[in-house]
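We did not get these values from a lab; they are worked out from the coordinates using the rules stated. Predicted model only: the values in this text are computed from it and were never measured. Using ideal geometry, Cβ is built from the backbone for each residue, glycine included, and neighbour counts are taken over all protein chains shown.
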Amino acid sequence: MSEDIFRELQQFQQYAENLQRLMSDMRDRVPQSSEGTDPQGAVSVSLGADGLPESIKIASDWQRRRAVGDLGSAVVEAFESAMSDRLERWSRSLEQSGWEARAEQLDDGPASSASTAPARPFPEISDHDVRYVLRRPMDESIEDALTALDAVDQLDANAFLPPEVTGDSAARRVTITVTAHALVSCEVDPQWAAGQSTVRLNQALNEALNDARGKLGSAESPGAAGVANLHADGLMNEFLAMIKDPQRFLD
């Protein structure tokens, strides 16, 4: 492989590093908590750093504010209110950070991004230990990478939708469905709810919520599972090893 190709790989690495820093800065500005209520104030929801509800609380006079059959809808509306607050605060924080100017610099591509950094023979790769990457012909690594890209291209976009998981209260009177990023639905047995105290309703709602959150760790979309089977991390390590020590792969 020629020196020009390695130089292009170096430029791409610099571009990727700049993009990673920008994304990391944007992620760090996400509010760590937020709260919201439904329009009638019957339900309040508190979000955690991951954007999912951490707790749900019913007002003591909720039946004066909402019909019994609307309690599940009120939970979803309170979540949506909390999420709106989270996004508005994040947007204001991003505006103050000047992220758009940094993003525009990246829009010019790897070459422009790399040109702002001082020249160096080849990039230093301190975050990845590639000492034990097995050497093999470079064309085999490239062929495997192209095969992996073709496999991803053939996956349906719906295959990457976040999986939904459902949690239940102990008595199965409350059901909450979530994804990794949102509360999708909440169903509450209206006849049961009408005869329960606020304390018991709060307990049941949070039982269902915690049950759903606990199931998220083992949930995986078909697309994510398919990408994992492509061993992309191994291919990335091979190319990082090539950038760090190209002569080793040219001999």
Check: the stretch 22-85 dipole with +1 on Lys, Arg Cβ and -1 on Asp, Glu Cβ, in debye: 200
Packing rank of 57-64, 71-78, 20-27, 181-188, where each peptide gets the mean count of other beta carbons within 10 Å, highest leading: 71-78, 181-188, 57-64, 20-27
Theoretical gain in end-to-end length, S46 to K215 [0.36 nm per residue, Cα-Cα removed]: 58.9 nm
Percent of C-alpha pairs per 5 Å bin, the stretch 178-220, short to long: 5, 19, 27, 20, 14, 9, 5, 1
FRET E, pair M23, A194, Förster distance 45 Å, beta-carbon r, rounded to 0.05: 0.40
Pair S93, H181: separation of 7 Å Cα→Cβ label points (nm): 1.7
